[in-house]
1. Suppose each label sits 7 Å from its Cα in the direction of the beta carbon; what would the residue 73-residue 187 distance come out to in nanometres?
2. Given points 7 Å out from each Cα along the Cα-Cβ axis, report the residue 65 to residue 257 separation in nanometres with one decimal.
3. Want the number for residue 155 to residue 112: 0.36 nm per residue separation, take away the alpha-carbon distance, what's left?
4. For labels at residue 273 and residue 246 in the simple 7 Å Cα→Cβ model, what's the distance in nm?
5. For a protection proxy built on the mean count of beta-carbon atoms within 10 angstrom, sort 202-212, 28-38, 100-110 highest first, please.
């Protein structure tokens, strides 16, 4: 087996900076009334099922090969293809590692049919706006009374900036990886039904584009081993990914306080050129989440201009 001069690179990929997109919705299609404020605290779990299955499969495969080598009394070797698969799995987990993401979101009604929000999740800061496109039912905005119904469709647009840190590698003083950056652009379509401001049922098909720029020094470091070993361990300067999926959720409460529970599921498409070939880093992704929303009161019975549409 040809040993790669990149063990610390692999360590960096597994333990270094990385963050997963917070895919929660925590809102219905109904926009807040002008001046109305809603504060939501929640928790979500990012589960890159496709990547986790890929890592487990690779581990099982190598475990079986090691067992066969022992039974046949021959040395166990990790060939170049297996090394590439392991490194690819490390990159996949760096770009989108599983984990628990807390979040805090504040939304404010700006004008009729429009509200804006700011969400902090510990690993990212996201700003978004939502515009109500269609409304049906009794109440268009503000406070609803028992027995009233609201059926709404809204379009949103959001942008997020992620934060990175690399305390492990900073301590090792091997390579400083503080020049990572990641940006997301999200386009959700909200559809919801509200019943008396007590029970809410909502869905949100969404598309998220993510662009991660790797640290330039790490990219340069990954290319140093090739002249010595002939193994292409190079990393791309940027990694783009696309998420296509939907959120389904419910909320239960009364007037100003509601508990949200939802599940976002979809597929991540991410196929950068790694180690001399195109690699599959995406797969099926799930994001269950829950939260508590508290909002200020709005005008009773909603806004008449919305009742007519």
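Please treat every number below as a calculation from the coordinates, not as lab data. Predicted model only: the values in this text are computed from it and were never measured. When we count neighbours, we look across all protein chains shown, and the Cβ atoms used for this are built from the backbone with ideal geometry, even at glycine.
1. Between residue 73 and residue 187, the simple spin-label model gives 6.5 nm.
2. 5.7 nm
3. Details: separation 43, 0.36 × 43 = 15.48 nm, distance 1.43 nm.
Full extension from residue 155 to residue 112 adds 14.0 nm.
4. Spacing of the two 7 Å Cα→Cβ label points: 3.7 nm.
5. Highest to lowest by the protection proxy: 28-38, 202-212, 100-110.
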